[in-house]
Amino acid sequence: MLTIGLTGGIGSGKSTVCRLFAEMAIPVIDADIIARQLVQPGQSALQQITEAFGPAVLNEDGSLNRAKLRDIIFSAADKKQQLDNIMHPLVYAQIAAEVAELKAPYCLIAVPLLLESKNPYAVDRVLLIDCPLETQLQRVISRDQLSRQQAQAIIDSQMSRADRLVKADDLIDNTAGPEQLAEQVKRLHNSYILLATARTQSA
Ligand code: ADP
């Protein structure tokens, strides 16, 4: 199965692009959704997180207190590493299990932090959704009802556009409108189908 890792900064258009591929019956696996499922009460990830960071990370009903965990993680770099060491293997195992079940020429794996991760999930190709900073800012401001400063702060906390661009295999330029976006998705879809076919024939 050809795996395409889809990534990009906040507001670049990842969710929109995922929907367009999904409309063409291409399966989309979302690492964020998997991570959220893995920290539900009763899951071993939540137990490991509680053992590592203490019961203060739990709400009274036993669910994960995300704000508390975020505070702990931002307090020291090694805490973030500790959380990644717990979560990444579990998320990756779940992604691999879902990929193994798929019947499709290729699939998308949406991992917003694919390029930031020290030990990323291994994909065949990295597809980056890109747009200029000002476009990204405007889209985040209007989607999330944030001030310009808040949106800018989130963007500044992420990897720079230039650093992302050098690491991508494929690129969607999401500067223009929905029509241009759909056209690029269709073109990429065709090239992924060709790649997937070539791989099965040479296997
Ligand atoms: P991400 O998932 O990367 O955070 P989204 O797909 O949610 O980004 O897109 C951010 C916002 O910009 C959303 O409100 C979306 O509807 C809008 N958007 C995305 N692509 C375009 C486009 N080409 N033209 C206009 N608006 C867009």
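What follows is calculated from the coordinates using simple rules that are stated; it is not laboratory data. Everything quoted here is computed from the prediction, not taken from an experiment. Don't worry about glycine lacking a Cβ; one is built from the backbone with ideal geometry, like all the others, and counts go over all protein chains shown.
Just a few scattered comments:
- Test item: Cα-centred dipole of segment 23-177, Lys/Arg +1 and Asp/Glu -1 on Cβ, debye: 260
- FRET E, pair Lys68, Gln201, Förster distance 35 Å, beta-carbon r, rounded to 0.05: 0.10
- Entries of Lys80/Lys167; Lys68/Lys103; Lys14/Lys80; Lys79/Lys186; Lys68/Lys118; Lys14/Lys118 with Cα pairs more than 31 Å apart: Lys68/Lys103; Lys79/Lys186
- Placed amide H near Leu171: partners under 5 Å, 5+ positions off or other chain: Leu128
- Positive-end ranking of Ala56, Ile72, Leu6 along the dipole of the chain, with charges on Cβ about the Cα centre, is headed by Leu6.
- Net length gained if the chain between Lys167 and Ala93 were fully extended (0.36 nm per residue, minus Cα distance): 24.3 nm
- Spin-label pair Gln149/Glu60, simplified geometry with 7 Å Cα→Cβ offset, distance in nm: 3.4
- Whole-angstrom Cα spans of segment 32-101 along principal axes, big to small: 37, 29, 18
- Listed residues Ala203, Asn119, Ser157: farthest to the positive end of the dipole of the chain (Cβ charges): Ala203
- Size of electric dipole in segment 1-62: Cβ of Lys, Arg +1 and of Asp, Glu -1, about Cα centre, debye, nearest 20: 260
- Annotation: for a label point projected 7 angstrom from Cα along Cα→Cβ of Glu51, residues of segment 73-108 with backbone N closer than 13 Å are 86-87.
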